[in-house]
Amino acid sequence: MSLKRVRKAVVPVAGLGTRVLPGTKVVPKELLNVVDRPILSYVVAEAKAAGIEHFVFVTGRNKGAIEDYFDHQLELEAQLTAKGKTAILDELLSELPQAGQMSFVRQMQPHGLGHAVWCARDIIGDEPFAVLLPDMVMDADVPALKQAIDAQASVGGNIIVVEPVPHDQTHQYGVVALETQSGRLNKMTGMVEKPAKGTAPSNLIVSGRYILQPEIFELLASQERGAGGEIQLTDAMARLMTTQSFHALEYDGVTYDCGDKIGLLRANVALALKHPQLGAAARDALTPFFAQERTAEPAE
Ligand code: UTP
């Protein structure tokens, strides 16, 4: 098992985004805005703050705009300079990677998350790496991926970031099984995808950040299709767990599933309200709606 530092991250962006159609027919889900910037911008900022030096985006058809987002737009930059709009220009430029820091590989067909991660194998090579599901925006004082990388530095092996949900909701998610539970970092014994109601081994669900060892690629290469006819990352992780250690890290923060219409709305409201510049105006704009709701409620 590799003891190298985690430097590279795989960001799979080749999915179809069917839950947030119709816009995603032409706009990549990852570029939908949350408050004042695309979902992907939050995720890349989180990973950079965790020390990630190289991003591998796994893209597909209709996702070319993602590559353009991380490139210069010379005409726009010239216009902003001419108009003296330096604040927004600086913001745009601050998001650009150093040359050679981003790679784009193509998943020609969306065969599943496991297949998407496998598409990055040649660029990752023989070192541990992070996977970030870009539709999961994780709001945390210490970036969620940094919490995972720090945990990996202390216990080694593979780390899966998890979060608790009410027990009656576990059947909707991937759920981890723990050896024993004490504190936030616990050794795993297994994981189940969407367990039948009342059978979940815990109430901790897999939430979209992983640190994986490169041996996962060999397992993904030989893997049969699993749930939904897709090549599942969960299945490969369960197989790797028979030879390597996996720990579940209950991270400190709040997750917004921006791949879902209501999750995207929650993210917009919550992050607008705590936005340093827009928060007060967002509160003023939203308060009348809640006041209206209260007046519309029937008297008890
Ligand atoms: P999701 O299942 O949430 O994304 O996959 P999706 O397929 O885009 O969304 P829906 O369910 O149709 O609305 C989690 C992540 O894995 C990527 C997606 O882009 C998303 O970021 N993914 C999924 C791939 O890159 N390739 C795949 O074959 C499947």
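The values are calculated or read from the model by the stated rules, or taken from the named source; none is laboratory data. Everything quoted here is computed from the prediction, not taken from an experiment. Note: ideal-geometry Cβ built from the backbone for every residue, glycine included; neighbour counts use all protein chains shown. These area figures cover heavy atoms from the full protein model, side chains too; ligands, DNA and RNA do not enter into them. Shrake-Rupley method; radii C 1.70, N 1.55, O 1.52, S 1.80 Å.
Think of region 194-293 as having a plus end and a minus end, set by charges on the Cβ of Lys, Arg, Asp and Glu; of Cys258, Pro201, Met241, Cys258 sits farthest toward the positive end of this dipole. Charging the Cβ of each Asp and Glu at -1 and of each Lys and Arg at +1, and nothing else, the dipole of region 199-300 about its Cα centre rounds to 240 debye.
Of all DSSP bridge pairs formed entirely within the chain, close to 55 percent run antiparallel.
Taking 0.692 mPa s as the viscosity and 37 °C as the temperature, the Stokes-Einstein diffusion coefficient of the chain based on its alpha-carbon Kirkwood radius rounds to 160 µm²/s.
So what is the diffusion coefficient of region 173-282 in µm² per second by Stokes-Einstein at 25 °C and 0.890 mPa s, using a Kirkwood Rh over Cα pairs?
Estimated diffusion coefficient is 150 µm²/s.
3J(HN,Hα) along region 160-175, derived from phi through the Karplus expression 6.51 cos²θ - 1.76 cosθ + 1.60 where θ = phi - 60°, amounts to 10, 7, 10, 8, x, 10, x, 4, 7, 10, 4, 5, 8, 10, x, 10 Hz, with x in place of Gly and Pro.
Highest mean packing first, where packing is the average number of other Cβ atoms within 10 Å per residue, the peptides 271-284, 36-49, 239-252, 87-100 line up as 36-49, 239-252, 271-284, 87-100. Annotation: peptides 121-128, 191-198, ranked by per-residue average of other Cβ atoms within 10 Å with the highest first, follow the order 121-128, 191-198. Phi angles across region 52-63 convert, under the Karplus curve 6.51 cos²θ - 1.76 cosθ + 1.60 with θ = phi - 60°, into 3J(HN,Hα) values of 5, 10, 9, 10, 10, 8, 9, 10, x, 4, 6, 10 Hz, Gly and Pro given as x.
Summing Cβ point charges (Lys, Arg +1; Asp, Glu -1) relative to the Cα centre of region 82-165 gives a dipole of roughly 320 debye. In order along region 242-256, the Karplus-derived 3J(HN,Hα) couplings, from 6.51 cos²θ - 1.76 cosθ + 1.60 at θ = phi - 60°, round to 6, 10, 10, 7, 10, 10, 9, 10, 7, 7, 9, x, 10, 9, 10 Hz, and Gly and Pro are given as x. For region 19-167, with all protein chains in place and a probe radius of 1.4 Å, 54% of the accessible heavy-atom surface sits on carbon or sulfur. Over region 132-200, accessible surface divided per residue gives 48 Å², non-protein components excluded, 1.4 Å probe.
Distance between the modelled labels on Glu53 and Leu21, one decimal in nanometres: 4.3 nm (7 Å Cα→Cβ projection).
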